[in-house]
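Colleague: Sharing a structure here in structure tokens format.
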Amino acid sequence: MKSYTEYLWFETAKRKELVHITPEIEQIVAGSGIEDGFALVSAMHITAGIIVNDNESGLHADIWEWLEELAPARPGYRHHRTGEDNADAHLKRILVHHQAIIPVTKGRLDLGPWESVFYLEADGMRKKRIVVKVMGE
Amino acid sequence: MKSYTEYLWFETAKRKELVHITPEIEQIVAGSGIEDGFALVSAMHITAGIIVNDNESGLHADIWEWLEELAPARPGYRHHRTGEDNADAHLKRILVHHQAIIPVTKGRLDLGPWESVFYLEADGMRKKRIVVKVMGE
Amino acid sequence: MKSYTEYLWFETAKRKELVHITPEIEQIVAGSGIEDGFALVSAMHITAGIIVNDNESGLHADIWEWLEELAPARPGYRHHRTGEDNADAHLKRILVHHQAIIPVTKGRLDLGPWESVFYLEADGMRKKRIVVKVMGE
């Protein structure tokens with residue numbers, strides 16, 4: 001069994017952003033030398049998540065509008081009494097989930113034809129990190 | 001370490017359907033010869049997901065009604081400008097998550113007494129696929 | 001490759017409760033002797049979930065209020081015709097997801113500085129269980 005770990009840093013220009021990271025994950029898997037196994041992609045900050053969905057800008061706008069409806073940025077959250085203003089970003093992370101496992105087969109990400117991996121930043125413009133751990137052989 | 005991968009195809013009769021797949025996953029794990037490890041079950045199409053919940057038809061009706069409230073099928077999504085009409089199915093996949101890891105112990109799925117595995121099809125009536133990868137020894 | 005499995009039992013004092021379990025998971029990983037791999041933490045009852053988020057009580061109150069808005073406890077669910085009254089707890093489990101994978105690096109949980117692991121009990125005051133399976137070497 002082999003295991004390989006890398007961390008990717010992000011500092012998005014906007015507070016909320018979807019960043020396409022399939023190429024970076026593919027490259028990490030290639031560098032790992034692992035032919036068959038699992039690649040865990042997990043956001044290490046509690047106001048960001050990971051989704052695996054379509055790389056289509058219209059849908060991305062729909063996703064943000066939908067997240068704003070279901071977990072709106074607004075004053076009044078009790079979390080804000082700590083001085084923070086990002087409770088919505090914590091809820092958005094829970095809603096979309098903060099991680100995904102990508103199966104690795106024959107040394108490649110075993111994704112469906114339309115599956116792309118995205119880092120979902122819900123409180124950006126500062127340095128944040130994800131962990132990618134590949135395990136297999 | 002051993003690894004074993006199978007793909008399951010679905011073509012549901014209805015556009016939205018919950019398909020109980022615990023027996024198929026159990027059979028794949030038995031065929032893998034793996035006694036202890038993880039079984040990843042992941043929907044490879046971006047308008048379908050996987051849930052682990054109760055095999056009770058009343059609850060299934062509740063789940064669909066609830067998904068329709070939180071991620072309604074309706075015109076007006078920007079994704080539909082591409083000619084698609086299934087933006088809601090993309091959002092439903094994000095909401096329920098597209099994958100689950102089933103622990104494997106003593107050669108069996110290590111599920112709670114009421115846990116059953118379901119393929120959640122949100123835009124069916126066409127051939128779609130999930131990947132099942134078992135890793136362990 | 002090594003694998004190590006433990007089950008944790010909970011019986012919460014309140015029907016809905018967030019239980020901080022990072023120390024228990026850390027201890028299981030230490031006991032496993034696994035230095036590098038994955039720790040799966042999965043709720044085995046279908047009315048409970050796992051989240052990885054902030055250990056801040058104001059946010060926890062926000063999370064419960066939000067879950068009650070998106071998946072309210074109320075009469076009228078079809079699932080209740082079976083005699084149950086907890087359909088909302090099933091929906092809450094789907095919403096927050098029922099499991100997380102914690103990467104293990106150098107014998108420790110490889111969590112971000114603010115990531116804590118919680119058992120989310122949505123229908124408690126009775127004995128329920130999670131499985132923790134660590135795999136790696």
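Colleague: Could you check C:G112 against (1) surrounded by fewer than 23 Cβ atoms within 10 Å (Cβ to Cβ); (2) touching a residue at least 60 places away in the same chain (Cβ under 8 Å) and say which number it fails?
Modeller: Only one criterion is unmet by C:G112, namely (2).
Colleague: Of all residues in segment A:74-92 being more than 7 Å from every other protein chain (Cβ to nearest Cβ) and not in a loop (DSSP other than H, G, I, E, B), which is nearest to C:H98 (Cα to Cα)?
Modeller: Only one residue fits best here, namely A:K92.
Colleague: Still on this model: Based on what the data block shows, is A:L18 more than 7 Å from every other protein chain (Cβ to nearest Cβ) and under 24 Å from B:A100 (Cα atoms)?
Modeller: In short, yes.
Colleague: Something else about it: Cβ-Cβ distance below 7 Å, separation of 6 or more or different chains: which pairs start in segment C:22-33 with a residue that is farther than 18 Å from C:P113 by Cβ and modelled with pLDDT of 95 or more and end on one that is of a type in the set (D, E) and not in a helix (DSSP H, G or I)?
Modeller: C:I28/C:E6
Colleague: OK, next. Determine whether B:H90 is touching a strand residue (DSSP E or B) at 6+ places or on another chain (Cβ under 9 Å), of a type outside the set (A, V, I, L, M, F, W, C) and open to solvent by 10 Å² or more (accessible area, probe 1.4 Å).
Modeller: Spelling it out, it is not the case that B:H90 is touching a strand residue (DSSP E or B) at 6+ places or on another chain (Cβ under 9 Å), of a type outside the set (A, V, I, L, M, F, W, C) and open to solvent by 10 Å² or more (accessible area, probe 1.4 Å).
Colleague: Taking B:Y7 and the conditions (1) of a type in the set (S, T, Y); (2) more than 13 Å from chain A (Cβ to nearest Cβ); (3) open to solvent by 50 Å² or more (accessible area, probe 1.4 Å), which numbered condition does it fall short on, given that it satisfies the others?
Modeller: Checking B:Y7 against (1) of a type in the set (S, T, Y); (2) more than 13 Å from chain A (Cβ to nearest Cβ); (3) open to solvent by 50 Å² or more (accessible area, probe 1.4 Å), the one that fails is (2).
Colleague: Within segment A:29-73, work out how many residues are within 11 Å of chain C (Cβ to nearest Cβ), part of a loop (DSSP other than H, G, I, E, B) and open to solvent by 10 Å² or more (accessible area, probe 1.4 Å).
Modeller: Summing the residues that are within 11 Å of chain C (Cβ to nearest Cβ), part of a loop (DSSP other than H, G, I, E, B) and open to solvent by 10 Å² or more (accessible area, probe 1.4 Å) in segment A:29-73 gives 3.
Colleague: With respect to the numbered conditions (1) more than 7 Å from every other protein chain (Cβ to nearest Cβ); (2) outside any loop (DSSP other than H, G, I, E, B), which one is the sole condition not fulfilled by A:R126?
Modeller: For A:R126, the exception is condition (2).
Colleague: Would you pick out the residues in segment B:93-122 that are on the phi < 0 side of the Ramachandran plot, more than 9 Å from chain C (Cβ to nearest Cβ), touching a helix residue (DSSP H, G or I) at 6+ places or on another chain (Cβ under 9 Å) and not aromatic (F, W, Y)?
Modeller: B:I94, B:R108, B:L109, B:V117, B:L120, B:E121, B:A122
Colleague: Also, I was wondering about something else. Can you pull out every residue in segment C:115-127 that is within 22 Å of B:V52 (Cα to Cα) and buried (at least 20 other Cβ atoms within 10 Å of the Cβ)?
Modeller: Across segment C:115-127, the qualifying residues are C:V117, C:F118, C:Y119, C:L120, C:E121, C:A122, C:D123, C:G124.
Colleague: In this structure, does A:G136 turn out to be in contact (Cβ under 8 Å) with a residue 60 or more places away in the chain, more than 19 Å from the chain's Cα centre (by Cα), farther than 23 Å from B:A87 by Cα and facing chain B (nearest Cβ under 7 Å)?
Modeller: Judged against the criteria, A:G136 is a match.
Colleague: For segment A:1-28, how many residues meet the condition of being β-branched (V, I, T) and in a helix (DSSP H, G or I)?
Modeller: The total comes to 3.
The values are calculated or read from the model by the stated rules, or taken from the named source; none is laboratory data. Being a predicted model, the structure only gives us computed values, none of them experimental. Reconstructed Cβ throughout: ideal geometry from the backbone, glycine too, with neighbour counts over all protein chains shown. For accessibility, only protein heavy atoms count, side chains too; no ligands or nucleic acids. Shrake-Rupley method; radii C 1.70, N 1.55, O 1.52, S 1.80 Å.
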